[in-house]
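Here's the structure we're looking at; comments come further down.
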């Protein structure tokens, strides 16, 4: 083998390496791009204990503004702690849909298992 043949072998090896890199890019690039385009899963929002939450914390809940947060604080102060989240159904103008949005975001520690919709405190 002369000098020309080793240069040919080297150039063939370079072409083969570039081809393999090209093939790898063609095969795996879509996976890399789609992995980068995927939005990360939203982190679960921690549940809010409605008997301990401040007015500002309650206002972070969807559909709970200053008026409803104030109602919750006043109800807690005048009637004592909520026994279960279902007691929020006594909140003026709170629809079932709005309550169902809140349900996975709130809790009452040591909730009374006997607490049901029919035992909800009357509104004042």
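Residues being modelled with pLDDT of 75 or more and either more than 27 Å from the chain's Cα centre (by Cα) or not in a helix (DSSP H, G or I) (or both) are entirely absent from region 35-45. Could you please let me know if residue 82 is in contact with a strand residue (DSSP E or B) (Cβ under 9 Å, 6 or more places away or on another chain) and at pLDDT 90 or above? No, not satisfied.
The values are calculated or read from the model by the stated rules, or taken from the named source; none is laboratory data. This one's a predicted model, so the numbers in the text were calculated from it and none came from an experiment. Methodologically, a virtual Cβ is constructed for each residue, glycine included, from the backbone with ideal geometry; neighbour enumeration extends over all protein chains shown.
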